[in-house]
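This report concerns only the one structure given below.
Please treat every number below as a calculation from the coordinates, not as lab data. Nothing here was measured: the structure is a model prediction, and the numbers come from that model. Cβ coordinates were reconstructed from backbone atoms using ideal geometry, including for glycine residues, and neighbour counts include every protein chain displayed.
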Amino acid sequence: MSNDNVSPGRCGARTTRIPTLVAVKDAPRDRAIVTGMYLLCGTHRASSSSLNHALDVERLRALFANASHRTSDPLRILFCGADDFSIASLRAVVAAQRNVPGLIHDIHVLHRPAKPAGRGLKMLREVPIEKVAAEELHLPTHAVDTFTGWTPPISFNIIIAVSFGLLVPPRILGHAQYGGLNVHPSLLPDLHGPAPIEHAIVKRRQYTGVTIQTLHPRHFDQGTVLAQTPHPGVAIHRGTTAPELERQLARTGAELLVDVLTLRKFVPPLDSAGWYATSNGPVSHAPKTTKQDRFIDFEQHTLADILAKQNAFGDTWCTLPNGDRLILHEVVDTGMIDASQRAPGLFMEPSLIGTQKQLPLIRAACGKIGTLKKSTYEGKKQGHGNDKLLRMLATPHVSS
């Protein structure tokens, strides 16, 4: 066993990276589906001594290599990525290169250049994948903001695009013997578009998942589905936030991507593996989010709507009767219903909350009551909006 496959565990024990064979429902008996999961400290752990007799890494690697009858040349990958979601896939691909002999020859990373950000656009915001690729994974990186006039710096035979943000044009795809792959965090065709995670939460989907599709030369999210999270998908539990769901789907997507690479599902003839399209489940577009998506209208939105927006988009906002814009940092369900004829909106009533600290209350369109634990007046000191808001609510003849 080489040292490359052994790393120290968090508690001092040594852990072994090995491919994991997972049986999949309805798969042929003589064929195992190989996942891109590895036994790592903090995920699946086993000491090297306990594995010596029970598991043989070389035997598993042989199974790994023979799991598919398809063959391909060693992959020369142009990996196009940007954020933490794509970083998870990149790390998994690098692990596959290390652990699956002959699968991957080399990996180059393509990313967008740093962009001005912050007040006055005086700061440059780096793309997260650049530092990880160059400093942690020691991969060559290339920056591009448009494919117009761009010539690839290397010869590659497959493109992997994950949260990249640019459509890879036919001119570039045509250079790749095996075309391109994309990791999309939804059960396509549902939630096609650039913001599927946020829209899965705000639309209150019970399940979502990850789809590995080919890159279409002219349209986003219209490729052939090569792999998809099995039915019914990944459950979205009550209160799950977009960052939490993104981390979960990033792991799922990384494993599914390695499956596709290892089983050479990208080699023609391509087999469509999408089940959701024929499930009669809802299909919606997931457009890029805007500031308006965060807007709360107390006369129209139920408390469930408000909490879903908060979980999906983070801070929400509303407009007060005097025209001020209030940023809502944390709304909490009190579990109470307002039986009065009070109009929906912000109000204060100490008798409704069992605490000495007065907090603004929200009557939503459904009559349920929420507590506004923290707020900010736009342009004012962060997190200090409640004091001013309570003074306004205490003023006679002023309602919200």
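The table for this structure:
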| item | result |
| --- | --- |
| Which listed pairs, of LYS115/LYS373; LYS309/LYS381; LYS288/LYS380, have C-alpha distances above 31 Å, in listed order | LYS115/LYS373 |
| Order of ILE77, ILE160 - criterion: other Cβ atoms within 10 Å of each residue's Cβ, fewest first | ILE77, ILE160 |
| ³J(HN,Hα) computed for each position of the range 254-271 - Karplus, 6.51 cos²θ - 1.76 cosθ + 1.60, integer Hz, glycine/proline x | 5, 5, 5, 4, 5, 4, 4, 5, 5, 7, 6, 5, 7, 7, x, x, 7, 9 |
| Ranked by how many other beta carbons lie within 10 Å on average, peptides 193-200, 363-370, 238-245 from highest | 193-200, 363-370, 238-245 |
| Estimated vicinal HN-Hα couplings, Hz - the range 287-303 in sequence order (Karplus 6.51, -1.76, 1.60; Gly, Pro = x) | x, 4, 6, 10, 4, 5, 4, 8, 6, 10, 10, 5, 7, 10, 9, 6, 5 |
| Amide H within-cut-off set for HIS192, under 5 Å, with H built and near neighbours excluded | SER284, ALA286 |
| Peptides 249-261, 131-143 ordered by average Cβ neighbours within 10 Å, highest first | 249-261, 131-143 |
